[in-house]
Amino acid sequence: MFTKKRNQDFLPTTGSSNGPYAYSTSRKQGVFDRVGRLFSKGTNDGSAASIQMAPPIVQAWQRSSVVFRRTTQAALFFLFLTYMGYRAIRYGNAHIQVNCLSTECLISVQPVGWKKQTKLTISRSQLIQALPVRTLKDGSFVSDDKVSTDDHTRNNKGKKKSKANASTYKGPDQDGYYISYAVYLQDKNALTNEKNSPNSADIPAVSLNPLLEFLTPVKDQEGQYRLTMSHFGNFQTRRRVRTMIQKVTSYTKRRRQKVLIKESRSPSWQGIVMIVFGVIGTLLSILLGQVWDEDDPIQRSKKPAKRNNQQRPGGPGGRKETAGMAYNNQIPARYEVASSSAAHSSNNPAATTRRRYGGGN
């Protein structure tokens, strides 16, 4: 007699009854309702902790217009496209730089990928020389044979090529190799054994261990290492190779006090395109959303209708004055509403009172 029904042992939630976590009061419950009950936290006992309500941002999103949703989704997509373009450029940002001053040289190497940049400051005396080398297409070192950087090379027919063609030619040569240049460094231990000790004005010599993964040892020269300046597929011309070698040679012979050589990898064109389209798309989405949102028919229907600025007469004798205004057609016909009080008016028995409640003829 006092038994409770099974489907009334719980209270309904404030959310939608069609959701997967809503408790239905019907005996025929759907599959999603039963699964939601299994994974729901606790039971709905009417307490504040058991009541599940949507966050304010979700409620604002549900009440927003269609145009606002579409433009927001487009802006988020273009922002994500911009971020992916930045990651593509950041991943391919690689360079090798040798910046030498009067007493020291700063060597910084940034490999391709997410590895951190490696920096090492060495003494000026540890920079020995720079020579042309042969490399593969990816910049890997092949040989340090004497490579001619002269502009006047001969082709198969025995005719001299022009200086412009020889200087701007980037390879490959007849063996499939490319010309580049390398900087030769000397380790701290090998430098102390030399007859010519480091200059007293230079900083003390340091070990080259932090840069060993980017260096290749020189054959038959203990303590000497080679830093190839084209690890990123940058094909060098003979003119550029000759110019860089002359700069380093002048520095090692102390004819100049500063020298800067740097080889960088070209940025990814896919990343540049994604950043450009992402920025432009984000700005257009924001601007179009602002323009189209005002003309949205859904938003326009939600706005309250503007009331007529004409004030309704009130106070003593207001009904008679209103009846007179209706009789003289001073109130628009769409606000005319029949009134029993105007029927007893002495001015016009058949007059009607026109008010602001809306209506037609």
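The numbers here are math on the coordinates, done by the rules we state, and not lab data. For clarity, every value in this text was computed on a predicted model and none was experimentally measured. Virtual Cβ from ideal backbone geometry, glycine too; neighbours counted across all protein chains shown.
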Q: Take Glu263, Glu213 and order them by how many other Cβ atoms sit within 10 Å, fewest up front.
A: Glu213, Glu263
(Q) Quick one: 3J(HN,Hα) in Hz for segment 105-110, Karplus 6.51/-1.76/1.60 with θ = phi - 60°, rounded, Gly and Pro as x. (A) 9, 9, 10, 10, 10, 10
Q.
Can you compute 3J(HN,Hα) from phi for each residue in segment 64-77, using the Karplus curve 6.51 cos²θ - 1.76 cosθ + 1.60 with θ = phi - 60°, rounded to whole Hz and x for Gly and Pro?
A. 6, 7, 5, 4, 5, 5, 5, 5, 5, 4, 5, 5, 5, 5
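Give me the extension gain from Arg70 to Gln117: residue separation times 0.36 nm, minus the current Cα-Cα distance, reported in nm with one decimal.
12.8 nm
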(Q) If I stretch the segment between Gln59 and Glu222 completely, what's the gain in nm (0.36 nm per residue apart, minus their alpha carbon distance), one decimal? (A) 51.4 nm
Q | Local electrostatic count, Thr103, Cβ distance below 15 Å [Lys/Arg +1, Asp/Glu -1] | A | +2
